[in-house]
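Coordinate-derived values only; no laboratory data. Small disclaimer: the values here were computed from a predicted structure and weren't measured. No Cβ is skipped: glycine too gets one built from the backbone with ideal geometry, and neighbour counts run over all protein chains shown.
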Amino acid sequence: MFFVILSCKSKEEKMFFDFNTVEYYSLNKNKEIEINENNRTGKKDSILNNILYFESPAKLDNDIFYKTINSKVFSKFKLSQKDVEYLRNDVFVQKFSLNMFELNKACAPEYRDILVFSENNEISVIAKICLSCGQFYFISSKKGIQTEDFGTEREYDSLEKLFNTYKQVQN
């Protein structure tokens, strides 16, 4: 009976944050290889490394961050309205979660996937996602967004499938 209760969608679920459009940025595979080689040989790009490996930017209004993700290092995709609705209703919603009991992988995050959420043409949230180790970083225009229950295996699987559909269109 306990599992039945957990699987039912609660009418109390609400979105972590407001958005009506989403842009998806994916690290280009050839650039990822180049970045790894440069880091290995000591030719590090500190701005790019901050984006890929650290909880950066600290604020939404970071021009260097946007300039970098809009460069040739990342591919940019505007998500369809259907996919935006899916994210609004099924992925980025507050819900009861047993996420705290799921095992986290012990790796340092590489944020190869970035989502920029906007509400009425104003950026509301940046979400950096590491699908390899199940870590994420959110920065919001509003204080106190509650994202503790985000990050279940199901959510990461859903995001990976969604991201792959856009990456396939590119190839």
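Listing for the model above:
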| item | result |
| --- | --- |
| Inter-site label distance for Ser46 and Asn121 at 7 Å from Cα along Cβ, in nm | 3.6 |
| Linear extension gain, Thr152 paired with Thr21, 0.36 nm per residue minus alpha-carbon span | 44.9 nm |
| Calculated from backbone phi, Karplus (6.51, -1.76, 1.60) coupling profile of segment 113-130 in Hz, x at Gly/Pro | 10, 10, 10, 10, 9, 10, 10, 6, 6, 10, 5, 10, 8, 10, 10, 9, 10, 10 |
| Length added when fully stretched, Ala108-Ser80, from 0.36 nm per residue minus Cα-Cα | 7.0 nm |
| Cα-centre dipole for segment 16-170 with unit charges at Cβ (Lys and Arg positive, Asp and Glu negative), debye to 20 | 460 |
| Percentage, to the nearest whole number, of Cα pairs in segment 16-170 over 22 Å apart | 40 |
| Phi to ³J(HN,Hα) by Karplus 6.51 cos²θ - 1.76 cosθ + 1.60 over segment 60-73, Hz, x for Gly, Pro | 5, 8, 10, 4, 5, 4, 5, 4, 5, 6, 8, 8, 6, 6 |
| Length gained when the stretch Glu34-Lys67 is fully extended (0.36 nm per residue, less Cα-Cα span) | 10.0 nm |
